[in-house]
1. Output the residue which, of all residues in the stretch 112-129 that are touching a residue at least 12 places away in the same chain (Cβ under 8 Å) and part of a helix (DSSP H, G or I), is surrounded by the fewest Cβ atoms within 10 Å (Cβ to Cβ).
2. Would you mind stating whether LEU27 is out of contact with any strand residue (DSSP E or B) (no Cβ under 6 Å at 6 or more places or on another chain) and under 30 Å from PHE143 (Cβ atoms)?
3. Considering every residue within the stretch 44-56, establish whether at least one is of a type in the set (A, V, I, L, M, F, W, C), assigned to a helix (DSSP H, G or I), surrounded by 11 or more Cβ atoms within 10 Å (Cβ to Cβ) and out of contact with any Asp or Glu (no Cβ under 6 Å at 6 or more places or on another chain).
4. Tell me which of these ASN19 doesn't satisfy, since it passes every other one: (1) at pLDDT 90 or above; (2) surrounded by fewer than 10 Cβ atoms within 10 Å (Cβ to Cβ); (3) not in a loop (DSSP other than H, G, I, E, B).
5. Within the stretch 100-123, track down each residue that is more than 18 Å from LEU88 (Cβ to Cβ) and of a type outside the set (Ser, Thr, Tyr).
6. Just give me the residues in the stretch 133-143 being part of a helix (DSSP H, G or I), loosely packed, with under 15 Cβ neighbours inside 10 Å and touching a residue at least 12 places away in the same chain (Cβ under 8 Å), in sequence order.
7. Among the numbered criteria (1) within 30 Å of GLU79 (Cα to Cα); (2) among the small types (Gly, Ala, Ser); (3) surrounded by 13 or more Cβ atoms within 10 Å (Cβ to Cβ), which single criterion is violated by ALA109?
8. Please work out which one of (1) loosely packed, with under 10 Cβ neighbours inside 10 Å; (2) of a type in the set (A, V, I, L, M); (3) modelled with pLDDT of 90 or more; (4) farther than 30 Å from LYS126 by Cα is the condition MET1 fails and give its number.
Amino acid sequence: MSKVEQRRSRKLIEAVENNNWETVTRLLAQPFNNLERKERYYGVISLNLTISNEGRKTEILDLYSDNTYNPIELLLIKERNELLMNALSKLSKDDLHILLEMTLNGTSALQLTKETSFKSHKTIKKRYENILKFLKEELEKYF
């Protein structure tokens, strides 16, 4: 036990003997109060800190989403991914390239005429629309 803790214990015993309960309460809460003061000094906040969010009081911890899945959600995600991979595997190499480039990279149909065997940007656009229609029909069963 450190000197500070020994001194606090002596004062606590004296306060109990003198029936000075306010001092007892203060001395018992002192380590916690010191910790809070230290956290404020270093800018540490608790996730249980209550803040006002959109007019209602909430804890900071409630603002963080829980990204863990239960077994049923994991099974559904796995099933969805398998269905999606199955649908994408039915596309030709050019169709898959068109879909990925236009949706993920925002590549224009005109640029894709240089990258694929199709010579017209209108053909690329029509193929893209047909690919989306095909995927919608394939995935309609799941969604």
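1. Among those residues, the one meeting the criterion is LYS122.
2. It is false that LEU27 is out of contact with any strand residue (DSSP E or B) (no Cβ under 6 Å at 6 or more places or on another chain) and under 30 Å from PHE143 (Cβ atoms).
3. The answer is no, given that none of the residues of the stretch 44-56 is of a type in the set (A, V, I, L, M, F, W, C), assigned to a helix (DSSP H, G or I), surrounded by 11 or more Cβ atoms within 10 Å (Cβ to Cβ) and out of contact with any Asp or Glu (no Cβ under 6 Å at 6 or more places or on another chain).
4. (3)
5. GLY106, ALA109, LEU110, GLN111, LYS114, GLU115, PHE118, LYS119, HIS121, LYS122, listed by residue number.
6. Within the stretch 133-143, just LEU139 meets the criteria.
7. Here ALA109 clears every test but (1).
8. The one condition MET1 does not meet is (3).
The values are calculated or read from the model by the stated rules, or taken from the named source; none is laboratory data. All of these numbers come straight from a predicted model, not from anything done at the bench. Backbone-built Cβ (ideal geometry, glycine too); neighbour counts: all protein chains shown.
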